[in-house]
Amino acid sequence: MTATQTRPEETAPAPPPVLSFDDVLLEFSGVTALNGVSFTVEPGELFAVIGPNGAGKTSIFNVLSGVYRPQRGSVRFGDHELIGRKPHAIARLGIARTFQNIELFSNLTVLDNLMLGRHHHHPYGVLAAFAWLGKARRNECANRLAVERIVDFLELAPWRRMPVGLLPYGVQKRVELGRALAAEPKLLLLDEPVAGMNLEETEDMARFILDIRDELGLPIVMVEHDMGLVMDLADRILVVDFGRPIRTGPPREVAADPDVVRAYLGEQHRIVDRS
Amino acid sequence: MSGRLATSYGQDMALLNTPAKRWWTLVLVVAAVALPFVLEDDLLVVLATAFVAAIGAIGLNIVTGYAGQVSLGHAFFLAIGAYTAAALSGDPDSTRLIGFGITSLPVWLLAAGLVAGLAGLIVAPLAARLRGLYLAVVTLGLVFIGEHVFKHWRDLTGGVGVGRPAAVPELFGLEFAVDGAMFTKAQKLYLLMFVLLVIFGVLARNLVRSRIGRALAAVRDRDLAAEVIGVDVTRYKMIAFAVSSFYAGVAGALLYVMIGFVEPGSFNLALSVQYIAMILVGGVATISGSVLGALFITLLPRLTRELPAVLPFVSSSSTAGGITVFQVEAILYGLLIIGFLIFEPRGLFGIWIRIRTYWKAWPFSH
């Protein structure tokens, strides 16, 4: 279908894409949020979605995580069709996400927030929870071990037992990333991971994102406004405007596309060749 | 947390994870067990009633404090528990009332909890669709429906002004509600209710520190985010209502064992509000706060009863003029709720935390 329009035909059979988003139409009583958006995410790829405000970037994420149900199209994740599934069922399939505006459980500690990310790992029922001793305790310990690894990975140790509502903004963003990682997802969705961050926090976050891709080999879809970050990190970029896809391709090609420049970067803005 | 080093996650997650907590729990338990041999019987009855109320308050705190679903219907579930227990242990030969003659306490107590829990499960789908004020109003409707049914279903409840005897507490041949050779009725009931409170308190504490408890808190704080990270919000709202109603059913059954009689008119809005006051005064989303609040609210009438002797404008009955002690109580509930919401939203539990941090840091102020 729309698999790899911008890539030359490869001779070896390519591994199937992790995610294929195909010809999706999403409307809200007359307002078209997404119209014919298609893309695929390959294994281990960092795929970025950019576009002006209101272009439909977050709508793509909300379709992916089951919050919105599109009128047309298909979203396939591995062997599963995602459209029509409830958000919690999609999470269980292995898709985790962060939000543009932090959606943490602000009364709970960092540890509890991360533990919630692992809600469907090592589960046990209500009766086991009442009894605690035995299965519940064992499974809590197993989850705690996994969570402590995330704490180490994202350098969250100093804040472990603090309610997240009291933490600085940059740290909260990191906790949210940690909660998504704690789920051991097969695909990670990052909605503006550095929005509102200062330079130092942005650099920290960029480092974590690269670590996630390189060390965990996790495919990532990222929506971001920080063009520098997107150009530096992404393998491929999808540009959307008014809900329609404009161009998909590697950063350099996309930045040079006159349609993209007109729609998003503005006539005067030219990306300097970074090589 | 000072001066301790957990060497395993199990140790770190234990309920009594510090020596201080272990010692204070021991002191409290010893004191509570010694009380019946020190205090007078009428005070023991009040305390035992408070223990039972604490079980009910824990239930309300699970649905309202932890899961964030405001429920004014607690009185309805208390009633279901009370009538299930009373009917099960009722006289089977009675021509006036339904009775099955099962006086074994574990049987009717569990049944009371389960029937109320089932009722909670039936009501829960409403909570999946409504939130906040709307849910409060719907659960309020339950109380009115319940009041009407209980007043008119004479075979079960005995009707207004008549009522029916409460459940008979009997455990392996041991009768709790009669004076014995060694212990008085009040002493026996006090110890029974204390043991039951400890059991149900520990069970609830286990639940709220588990993945279930975390999921409930997630539903309360941000239901959309909870859903997206994999928590089935509808399912957890149902669990919250079922568990909460189970606790209410148990508390309802035991509450009327203390009083001895079930009066169908007593399951009204005022009863629900009393429980709301307990968790607000004690501390929202804490188990120990529920117990503190229940003790406070149940012991309050003991204090207001002394008022007519001190304040001439307060009278003990409505015929004597002035305002009655009951009105004073109602006003006090209101004032306490408002006062705690404004000045200490974490309730008595919050005050305790503040005292604890003060002494931890003493003599430095920070």
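The values are calculated or read from the model by the stated rules, or taken from the named source; none is laboratory data. Note that the structure is predicted; figures quoted are calculated from it, not measured. In this analysis, Cβ positions are derived from the backbone assuming ideal geometry, glycine residues included, and neighbour counts consider all displayed protein chains.
Being more than 26 Å from A:THR109 (Cβ to Cβ), in contact with a Leu (Cβ under 6 Å, 6 or more places away or on another chain) and modelled with pLDDT under 90 is the requirement here; does B:PHE176 meet it?
Yes.
Taking into account only those residues within segment A:102-111 that are at the interface with chain B (Cβ under 7 Å from one of its Cβ atoms) and surrounded by fewer than 21 Cβ atoms within 10 Å (Cβ to Cβ), which is nearest to the chain's Cα centre (by Cα)?
For segment A:102-111, the residue satisfying everything is A:GLU103.
In segment A:168-218, what count of residues is obtained for those that are away from chain B (no Cβ under 14 Å) and not in a helix (DSSP H, G or I)?
Qualifying residue count, segment A:168-218: 10.
Restricting the search to segment A:146-164, which residues are surrounded by fewer than 16 Cβ atoms within 10 Å (Cβ to Cβ) and facing chain B (nearest Cβ under 10 Å)?
Residue satisfying the conditions is A:ARG161 alone.
Would you please name the residue that is nearest to the chain's Cα centre (by Cα), looking only at residues in segment B:1-59 that are within 13 Å of chain A (Cβ to nearest Cβ) and assigned to a helix (DSSP H, G or I)?
B:ILE58
Return a yes/no flag: does segment B:181-191 have any residue that is closer than 26 Å to B:LEU15 by Cα, surrounded by 23 or more Cβ atoms within 10 Å (Cβ to Cβ), within 10 Å of chain A (Cβ to nearest Cβ) and not charged (D, E, K, R).
Within segment B:181-191, not a single residue is closer than 26 Å to B:LEU15 by Cα, surrounded by 23 or more Cβ atoms within 10 Å (Cβ to Cβ), within 10 Å of chain A (Cβ to nearest Cβ) and not charged (D, E, K, R).
Can you tell me how many residues in segment B:230-241 are surrounded by fewer than 24 Cβ atoms within 10 Å (Cβ to Cβ) and either under 13 Å from B:ILE80 (Cβ atoms) or within 15 Å of the chain's Cα centre (by Cα) (or both)?
Here the count works out to 0.
Let's see how each residue does on (1) in contact with a Leu (Cβ under 9 Å, 6 or more places away or on another chain); (2) under 22 Å from B:PHE194 (Cβ atoms):
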site	(1), (2)
B:VAL273	yes, no
B:VAL291	yes, yes
B:ILE297	yes, yes
B:LEU311	no, no
B:PHE326	no, no
B:GLY334	no, no
B:ARG354	no, no
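What residue, of B:SER318, B:SER365, is among the polar types (S, T, N, Q), surrounded by 11 or more Cβ atoms within 10 Å (Cβ to Cβ) and modelled with pLDDT under 85?
B:SER318
Being of a type in the set (Ser, Thr, Tyr) and touching a strand residue (DSSP E or B) at 6+ places or on another chain (Cβ under 7 Å) narrows it down to one of B:THR324, B:THR286, so name that one.
B:THR324
Conditions tested, residue by residue: (1) part of a loop (DSSP other than H, G, I, E, B); (2) surrounded by 15 or more Cβ atoms within 10 Å (Cβ to Cβ); (3) within 9 Å of chain B (Cβ to nearest Cβ).
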site	(1), (2), (3)
A:VAL75	no, yes, no
A:ARG85	yes, yes, no
A:LEU116	no, yes, yes
A:HIS121	yes, yes, no
A:GLU140	no, yes, yes
A:ARG144	no, yes, yes
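Restricting the search to segment A:55-73, which residues are within 14 Å of chain B (Cβ to nearest Cβ), more than 14 Å from A:GLN100 (Cα to Cα) and not in a loop (DSSP other than H, G, I, E, B)?
The answer is A:VAL63, A:LEU64.
When you scan segment B:204-219, do you find a residue that is touching a Gly at 6+ places or on another chain (Cβ under 7 Å), touching a residue at least 40 places away in the same chain (Cβ under 8 Å) and either among the β-branched types (Val, Ile, Thr) or assigned to a loop (DSSP other than H, G, I, E, B) (or both), even just one?
The answer is yes, given that some residue of segment B:204-219 is touching a Gly at 6+ places or on another chain (Cβ under 7 Å), touching a residue at least 40 places away in the same chain (Cβ under 8 Å) and either among the β-branched types (Val, Ile, Thr) or assigned to a loop (DSSP other than H, G, I, E, B) (or both).
Let me spell it out: the conditions are (1) more than 20 Å from B:GLU344 (Cα to Cα); (2) away from chain A (no Cβ under 14 Å), and B:LEU292 meets all of them except one. Which number is the exception?
Among (1) more than 20 Å from B:GLU344 (Cα to Cα); (2) away from chain A (no Cβ under 14 Å), B:LEU292 violates only (1).
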